[in-house]
Each structure stands twice: as structure tokens, then as C-alpha cells.
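The structure under discussion appears below in the form of C-alpha cells.
The values are calculated or read from the model by the stated rules, or taken from the named source; none is laboratory data. Owing to the predicted nature of the structure, the values given are computational and were not obtained by experimental measurement. Here the Cβ positions follow ideal geometry from the backbone for every residue, glycine too, while neighbour counts run over all protein chains shown. When the accessible area is computed, the model is the full protein with side chains, heavy atoms only, and any ligands, DNA or RNA have been set aside. Shrake-Rupley method; radii C 1.70, N 1.55, O 1.52, S 1.80 Å.
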Amino acid sequence: MTALARALIKSGRLSAEIVERSENRATQRRTSLPDELVQAGVIDSASLAAFISQTFGFVQVDPASLAATEPMATLPPTLYGDPRFLAIDRRDRQLSIAMADPTDDALISLARFQSGLGIVPLVADCRELAAASARVATLYAQSITHGTETASSTGAGDTTNPIGVDDAPAVRFLHRILSEAVASDASDIHFEPFETSYRIRFRVDGLLQDAETPPAEIRSMLASRLKVLSRLNIAEKRLPQDGQLRVETDDGDPVDFRISTMPTLYGEKIVLRILDRQNARRSIDQLGMAEGQRAALLRAIHQPSGMILVTGPTGSGKTVSLYACLNELNQPGVNIATAEDPVEIPVSGINQVNIDERIGLTFATALRAFMRQDPDILMVGEIRDFETADIAVKAAQTGHLVLSTLHTRSAPASLERLRQLGLPAFNVAGSVLLIIAQRLIRRLCDCKTVHASPDPEVLRAAGFAEADVESLTTGARPIYLPAGCPKCRQTGFRGRLGIFEVLPVSPMLQQIILDNGSTLDIARQARLEGIADLRHAGLDKVMAGDTSLDEVLAATDD
């Protein structure tokens, strides 16, 4: 129900039954609520326009202004084919439109989409608006016909379509959305169709944020356009599809996207992953590890053989860490092969294989083939099953360095996970060199503020040492809170950073594995060896002023 419908009912001018019936007819006929009310004879158009102006504060358009309205050549023809509104004035990036119901947000969204401009709604008498809209539409059609005849007579070619395909509203809108997402440092773009609306959201710093809301009518146009750019089957709307596309943004830079489509109840939901090539070029120094963690990782990756595992939930930056290791190892005298699902970013000098289980190209199949390709270093996108784990371990034991990922919550849990997959304890103990567990947490913006009075009990419960609790509560060392500014969109955070647990498999840990020790046994020994877990790695970032305590607690609340 629009704001106008609610206001009419609340004012007592019309009954709820009459208003709801008229609103339903307006939806079915693609007319406005004022049109249906006036046509039903329950209210006259002039008093209704005056009521809207007085109730909501919209400026009322003078009938003489409507009579003098001419079509603007700078606007698309779709703006002159809808009797529910009429474009009457444009100033810079703002377009004033006369509407019978200026409280209709969906219609305003449609006008914004079609014009690509900001909309200033004005209220007009619905009968006068309908007459003016019809007259302007006729004038526009005549101007198009005249332009076509002139072009044909001069040999200029066919101009019956005054707007080229690349200038169509849906194409312009999509280009603007993609450019805004890249400029916002988003990692993903979600296009979500619902029964009466269409939602677009960006994932920025790990959280979904609403972007511009287009009219629901364009869902099929946007889906088709994205599928054409991705070379997907535009006729297939019953099954999921995956692909990639490259788009040049407003800055002129080409950006790669990975696309996934999914049929839902009200249309195809589409998610674009923005593939940041800079992430693939990061070095180990740029990951944000503590000095001891960095040194342990460098020692491990320069071993001639063995296995290095990176673990964490989806979206924790595991792939970036693996690429950082590969960049360190990618030298002219080394043969590196990777099996990924999918290959997100091509890297020069590395042989990358796209896994496709539909045709039988699994991680295990690729690993077997790699072993016949004289490899030095292998990277497996993920160890999911016994077969892949078994081949990877055997490769690590026969003179190859193997890098891969697992989905576990901590580094000690990864060793237990390999045993659960069916690997013998002696194979795990003899092949795994090092495990990295990681999370991505939000970085505080420069607008951060000092926490004036942190609760010492909260600090102790979080895991701070007593000496640190004293320094933080007395103000000797500050602890920061998010504030909010235009630069960070009032969130208090801007960008993300990694926290890591880097666990080298020492002789003592090997013995615990051979003795079938539990995850708790492994974690206890890791702490005795001075290995910081994810929580304490996060607390170090809090002490450094990089993030907030709440952010660390949320990311490490296992």
C-alpha cells in the first residue's frame, strides 16, 4: 500500500475497502491510484491533487505548465510512453517529473532507472496529466518519424532506433552498478529478484550493503545482459550457470568478474565475484603476519617436499595466502601446477587447471595427471575427500611441495580432519610441514576513537594478559572503538586485515599425531611451543590499534 493510500484512509475521506480495491485495479492496469479513484467517481481530480500537495508537501504543477511541456531530446523515449508521469524539466543531473501519485516509490525508481538521473517528484491533476502525457508522446513519436524520413532521404541509414544498444537504460544502469561496486572495494555483487521488488547489494568488508534499487521490471533485462557478457546460455533459466566476464569500468580499467546464476521463485539470482588481480600479486610480506609467523612460513615453503595447508571458512582469504606463497616460489627453474575450482586469476609462469567435475576432471584426476608432468610444486584448491588427500600426501612424500586448503576452524583441527578423511596417522605426521588458520577482520577507519573506560573483566575474558589489562584500563595504552565518517560510510571500518595462526608441525606434534592425540592435545602442545592462536593474534591487532575488540571476538568466537 502506497503512502497516499494510507493517508486517504487515515483522513477519513475514503473507506479502506474503496482505496484497496482501486489500488489493486491500478496495479493490474498499470495506472495510478488517483486515476482509478477519479474514474470510480469517489473523488474529483482537483481536490485529490490538492490533498496530496497539502498532506505530503509536494509542489503542485500548474496546468499551464503541463500544456506547455515539450519532449526533451536528451531523454530516452521510454520516458514519454508512461501516462503515470511526465518529464517536465531537467537541470544538471536532476529531472523534475509530474505525477498523479508522487508517493509511488516504485514508479519514481522506474523513472530514475530509465533516465539515469535524480528524480524530483511533483504532483499534478491526474486528468490533466493524462492529457498532457498523451500529447507529448504524440509529439515525440512525430519527431522520431520525421528524423527517420530525413535520414533515409539523405542516405544516412536507418535511425528508427534513436538509442543504440549500448545506450539502453538497462545497459547504462548495469555499467554504473559495476563501476560503483569496484569503486567501493566490494568483493561481490548480488542481484536478487523478489515478487514485487529487485534488490542489489554489495559485499564490502565482509558485510552486505544495499546498493541502488532498480524497478522490478528490469530483472530479466539485467539477467540477459549479464549472461550475454559472460557468454552463457540466455535461454537456460531452469539450471544454475557459471562463467566469467570482463568489463571496463568508468575509470577505464578492465575488471574481471566471476558470475554465478541460480533460478529462484521470482527469477534468476545472480552473484558476481570481483576478481582483484592485485590480490594474486601479493607477497608474503603483505599478508599482515607477525614476524615469527612470516619466518615460519618462509622456512616451510622453501623445503624441497612436504605439505602446507591453509584453513578457514569461505571468504577468509585462503586463496590469497596460497597465491602469496606461489609468488614467492614462482621462479624460472621451477615447474608449478595448480588445480582450482575455478581458476579465478591467471598467473604468468604457473600452469593452472580448471576443475570441472561434470566431465570427470576432479582434483584427484588433475593431481594424478600432474604427477606425470614432472612437477616441483603442486597447489590443490581444496582437499575434500580421501582420494584427493591420499594423492596429495603421497606427492608430498615423494619429493614435491604441496599446498592446499581445508575447511576447519583452527590449525590443530586440520590435523584431526586429515585423519577423519581416512589418512593413516603416520602419513599425516610424516608429510604435513605447517598449517595456517586465518580469518579476515575489518580494519578501523582513521576516524576511530579511544575507548575511554574499557571493562577489565571483559578484557580478561577476551584473553588479554594481566599486564595488558592494567595498561589498557589505566590509559597507558589506548584501545579503540569505531566512530563513523563519510569515508567509511559511517561504519567506522574501512578495509580488512588478516589474523593468523601459523603452526609448524614440530617433532612433539608429530608424536601426538602418531599417538592419535585429539585436537585439544595438539592445541595444548602448540600453546606450550609459543604458537599464538587466532584469538591472541587478533588481540595483538587490537593492541596495535588496527581493529576493535568486538570485531576480534566476533571473528574468533569458536
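Every test in (1) exposed (fewer than 13 other Cβ atoms within 10 Å of the Cβ); (2) under 36 Å from the mean Cα position of the chain (by Cα); (3) closer than 21 Å to Gly288 by Cβ is passed by Thr491 save one, and that test is (1).
Condition check ((1) at negative phi; (2) in contact with a strand residue (DSSP E or B) (Cβ under 8 Å, 6 or more places away or on another chain); (3) hydrophobic (A, V, I, L, M, F, W, C)) across all residues:
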site: Asn233; (1), (2), (3): yes, yes, no
site: Met262; (1), (2), (3): yes, yes, yes
site: Asn327; (1), (2), (3): yes, no, no
site: Ile336; (1), (2), (3): yes, yes, yes
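The test for being under 15 Å from Ala437 (Cβ atoms), in contact with a helix residue (DSSP H, G or I) (Cβ under 7 Å, 6 or more places away or on another chain) and buried (at least 16 other Cβ atoms within 10 Å of the Cβ) holds for Thr519. The set of residues in the range 440-455 being within 19 Å of Ser471 (Cα to Cα) and either of a type in the set (D, E, K, R) or outside any loop (DSSP other than H, G, I, E, B) (or both) consists of Thr449, Val450, Asp455.
Do we find a residue being assigned to a helix (DSSP H, G or I) and free of Cβ contacts under 8 Å to residues at least 60 places away in the same chain anywhere in the range 476-486? Looking for residues that are assigned to a helix (DSSP H, G or I) and free of Cβ contacts under 8 Å to residues at least 60 places away in the same chain, one finds at least one in the range 476-486, hence yes. The residue of the range 198-214 that is most open to solvent (accessible area, probe 1.4 Å), among those that are assigned to a loop (DSSP other than H, G, I, E, B), touching a residue at least 60 places away in the same chain (Cβ under 8 Å) and not charged (D, E, K, R), is Thr213.
Here Glu344 qualifies as acidic (Asp, Glu) and open to solvent by 20 Å² or more (accessible area, probe 1.4 Å).
When the range 32-59 is filtered for residues that are touching a residue at least 24 places away in the same chain (Cβ under 8 Å), open to solvent by 40 Å² or more (accessible area, probe 1.4 Å) and either touching an Asp or Glu at 6+ places or on another chain (Cβ under 8 Å) or assigned to a loop (DSSP other than H, G, I, E, B) (or both), the ones remaining, listed by number, are Val42, Ala46, Phe58, Val59. Of all residues in the range 324-339, those that are open to solvent by 10 Å² or more (accessible area, probe 1.4 Å) and either under 27 Å from the mean Cα position of the chain (by Cα) or in contact (Cβ under 8 Å) with a residue 60 or more places away in the chain (or both) total 2. When every residue of the range 393-404 is checked against the conditions, at least one turns out to be touching a helix residue (DSSP H, G or I) at 6+ places or on another chain (Cβ under 7 Å) and either at positive phi or β-branched (Val, Ile, Thr) (or both).
Evaluated against (1) hydrophobic (A, V, I, L, M, F, W, C); (2) at pLDDT 95 or above; (3) open to solvent by less than 30 Å² (accessible area, probe 1.4 Å), Val469 falls short on exactly one condition, (2). Of the set (1) modelled with pLDDT of 90 or more; (2) under 15 Å from Leu129 (Cα atoms); (3) open to solvent by less than 60 Å² (accessible area, probe 1.4 Å), all apply to Leu66 but (1).
Matching residues to (1) polar (S, T, N, Q); (2) modelled with pLDDT of 95 or more:
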residue	(1), (2)
Asp285	no, no
Ala290	no, no
Leu309	no, yes
Gly312	no, no
Val320	no, no
Asn330	yes, no
Val334	no, no
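With (1) aliphatic (A, V, I, L, M); (2) open to solvent by 30 Å² or more (accessible area, probe 1.4 Å); (3) within 25 Å of Arg299 (Cβ to Cβ); (4) out of contact with any Gly (no Cβ under 9 Å at 6 or more places or on another chain) as the list, and Leu433 as the residue in question, which single condition is left unmet? So Leu433 meets the others, but not (4). Could you go through the range 20-28 and let me know if any residue there is surrounded by 14 or more Cβ atoms within 10 Å (Cβ to Cβ) and either on the phi > 0 side of the Ramachandran plot or within 36 Å of the chain's Cα centre (by Cα) (or both). Scanning the range 20-28 turns up at least one residue that is surrounded by 14 or more Cβ atoms within 10 Å (Cβ to Cβ) and either on the phi > 0 side of the Ramachandran plot or within 36 Å of the chain's Cα centre (by Cα) (or both). Residues in the range 243-293 that are within 17 Å of Leu222 (Cβ to Cβ), surrounded by 16 or more Cβ atoms within 10 Å (Cβ to Cβ) and small (Gly, Ala, Ser): 2 in all. When Ala87, Ala40, Ala137 are checked against the criterion of being aliphatic (A, V, I, L, M), at pLDDT 80 or above and under 27 Å from Ser11 (Cβ atoms), a single residue qualifies: Ala40.
The strands (runs of 3 or more DSSP E) located wholly in the range 215-301 that include 2 or more residues which are touching a Leu at 6+ places or on another chain (Cβ under 6 Å) occupy 241-248, 254-264. Contact annotation: no residue pair with Cβ atoms under 9 Å, 6 or more positions apart or on different chains, pairs a residue in the range 506-518 that is within 11 Å of Phe426 (Cβ to Cβ) with a partner that is open to solvent by 50 Å² or more (accessible area, probe 1.4 Å) and β-branched (Val, Ile, Thr).
Scanning the range 105-117 for residues that are open to solvent by 10 Å² or more (accessible area, probe 1.4 Å) and touching a Leu at 6+ places or on another chain (Cβ under 7 Å), we see that the one that is nearest to Ser65 (Cα to Cα) is Ser115.
Residue-wise test of (1) out of contact with any Gly (no Cβ under 8 Å at 6 or more places or on another chain); (2) modelled with pLDDT of 95 or more; (3) surrounded by fewer than 22 Cβ atoms within 10 Å (Cβ to Cβ); (4) closer than 24 Å to Asp521 by Cβ.
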| residue | (1), (2), (3), (4) |
| --- | --- |
| Ser348 | yes, no, yes, no |
| Gln352 | yes, no, yes, no |
| Phe363 | no, no, no, no |
| Ala366 | yes, no, no, no |
| Phe370 | yes, no, no, no |
| Val402 | no, yes, no, no |
| Ala425 | yes, no, yes, yes |
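For the condition over 35 Å from the mean Cα position of the chain (by Cα) and either part of a helix (DSSP H, G or I) or under 21 Å from His302 (Cα atoms) (or both), what is the one hit in Ala467, Ala413? Result of the check over Ala467, Ala413: Ala467.
Residues in the range 81-104 that are within 32 Å of the chain's Cα centre (by Cα) and more than 12 Å from Ser32 (Cα to Cα) were compared, and the one that is surrounded by the fewest Cβ atoms within 10 Å (Cβ to Cβ) is Asp92. Checking each residue in the range 3-19 for being within 20 Å of Pro215 (Cβ to Cβ) and either surrounded by fewer than 20 Cβ atoms within 10 Å (Cβ to Cβ) or among the polar types (S, T, N, Q) (or both) picks out only Ala3.
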